[in-house]
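Following: one structure in structure tokens, then a few remarks.
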Amino acid sequence: MKVLFIADIVGQPGRRAVKELLPKLRQQHTVNLVLGNGETAAGGSGITVKPAEEIFSAGVDIITSGDHLWDQKEVMELLEHERRFVRPLNYPPGTPGQGSVIFQSDRLPPVGILNLQGRTFMPPLDNPFHCALAEVERLRQQTNIILVDFHAEATSEKVALARMLDGRVSAVIGTHTHVQTADEQIFPGGTAFLCDAGFTGPHESVIGREIEPIIKRFMTNQPQKFEVAKSNVLLQGALVEIDERTGRPSKIVRISEPLTAAT
């Protein structure tokens with residue numbers, strides 16, 4: 001089976017890239033399952049029902065999230081009612097929503113999707129390492145195909161968690177920094193890894209935002225309004241090929257597809 005992971009979808013440009021490019025990518029790579037990180041899909045900050053519906057309608061099967069989860073109060077509707085929406089698992093007990101899900105399809109074996117958030121240079125949450133071990137063990141009672149979106153800042157934290165889970169999960173894909181790394185690989189135990197999948201949105205920008213206000217903020221330390229940029233839109237992410245029987249990956253490749261003017 002082939003899984004396409006779409007990196008952080010930023011605002012309207014990112015949603016448009018998913019809508020216009022995903023059908024072609026699905027056909028071109030015979031994709032069976034699509035995951036997308038949607039934590040910045042609503043105007044670049046958080047996610048609400050309408051952007052989520054737009055992303056699902058474009059062909060994304062499961063939406064994951066991260067530290068911008070609470071930026072829009074309307075996210076509660078998704079947390080309480082949308083089974084295709086996953087938040088970081090390592091929020092405290094009693095937090096609305098779900099940190100993992102088993103994706104069921106007539107055409108595929110069950111697939112476990114797990115969302116975690118890092119703690120280094122990030123808001124404090126429960127330890128993702130301990131949470132990951134317990135949840136992966138639970139998911140493995142139902143399936144040996146498990147995909148992890150680790151939303152974290154520090155490369156060392158991402159690599160360490162993926163190394164810990166090597167052989168226990170099919171893939172660990174990092175998100176959050178909006179800078180695609182060039183370290184895609186399959187670890188010795190049989191887990192595919194990419195430290196950061198990048199972002200889906202305008203790349204003539206500073207990680208998705210208009211350039212000048214960011215520069216002014218760094219130069220003056222004065223508050224600025226960070227609008228989502230518009231130009232050079234890319235759909236970024238990773239494509240992972242997985243053996244349906246064993247859950248082990250055979251290939252992982254980076255994706256960086258431009259949304260051209262003619263698209």
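The values are calculated or read from the model by the stated rules, or taken from the named source; none is laboratory data. Because the structure is predicted, anything quoted here is derived from the model rather than measured. In this analysis, Cβ positions are derived from the backbone assuming ideal geometry, glycine residues included, and neighbour counts consider all displayed protein chains. These accessible areas exclude ligands, DNA and RNA; they are computed on the full protein's heavy atoms, side chains included. Shrake-Rupley method; radii C 1.70, N 1.55, O 1.52, S 1.80 Å.
Rg of the Cα atoms in the chain, relative to 2.2 N^0.38 Å, amounts to 0.94.
Note on D183: accessible area approximately 40 square angstrom, rounded to 10, probe 1.4 Å, nucleic acids and ligands left out. Counting Lys and Arg as +1 and Asp and Glu as -1 over every other residue whose Cβ lies under 10 Å from the Cβ of L259, the net charge comes to 0. Taking the DSSP beta bridges with both ends in the chain, the antiparallel portion is around 50 percent. Our compactness index for the range 104-235, the C-alpha radius of gyration over the empirical 2.2 N^0.38 Å, is 1.25. How large is log10 of I(q)/I(0) for the range 1-125 at q = 0.13, 0.20, 0.21 Å⁻¹ when the intensity is taken from the Debye formula with one equal scatterer per alpha-carbon? Result of the Debye calculation: -0.50, -1.14, -1.24.
Pairs to check: K73/K225; K73/K230; K19/K251; K158/K251. Give those whose C-alpha atoms are more than 22 Å from each other in this structure. Table pairs above 22 Å Cα-Cα are K73/K230; K19/K251. In the elastic network of the chain, a GNM with C-alpha springs shorter than 10 Å, the most mobile of G99, G38, G14 is G99. Just checking the listed ones, G174, G247, G237: in the Gaussian network model of the chain with Cα springs under 10 Å, the one fluctuating most is G247. Using only side-chain charges placed at the Cβ, +1 for Lys and Arg and -1 for Asp and Glu, the dipole size of the chain relative to its Cα centre rounds to 280 debye.
In a reduced charge model with +1 at each Lys and Arg Cβ and -1 at each Asp and Glu Cβ, the range 94-163 shows a dipole moment near 140 debye about its Cα centre. Springs join every pair of Cα atoms under 10 Å in this Gaussian network model of the chain, and among A41, A134, A192 the largest mean-square fluctuation is at A134. When nucleic acids and ligands are ignored and a 1.4 Å probe is applied, K24 ends up with an accessible area of around 90 Å².
With all protein chains in place and ligands, DNA and RNA left out, the 1.4 Å accessible area ranks E54, E82 as E54, E82, largest first.
By the compact-protein rule of thumb, 2.2 N^0.38 Å, the alpha-carbon radius of gyration of the range 212-263 corresponds to a ratio of 1.95. If you fit an axis through the alpha-carbon atoms of helix 211-220 and take the longest principal axis of the Cα set of the chain, what angle between them do you get, 0 to 90°, nearest 10? Helix 211-220 sits at roughly 80 degrees to that axis.
Extents of the range 94-163, largest first, come to 41, 29, 18 Å (Cα atoms, principal axes, whole angstrom).
Per the Kirkwood formula applied to alpha carbons, the range 175-225 shows a radius of gyration over Rh ratio, Rg over Rh, of 1.21.
Note on the chain: dipole from Cβ charges, positive end direction compared against H151, G237, A52; the farthest Cα belongs to G237.
Measuring with a 1.4 Å probe in the full set of protein chains, what accessible area per residue, in whole Å², belongs to the chain?
Accessible area per residue: 44 Å².
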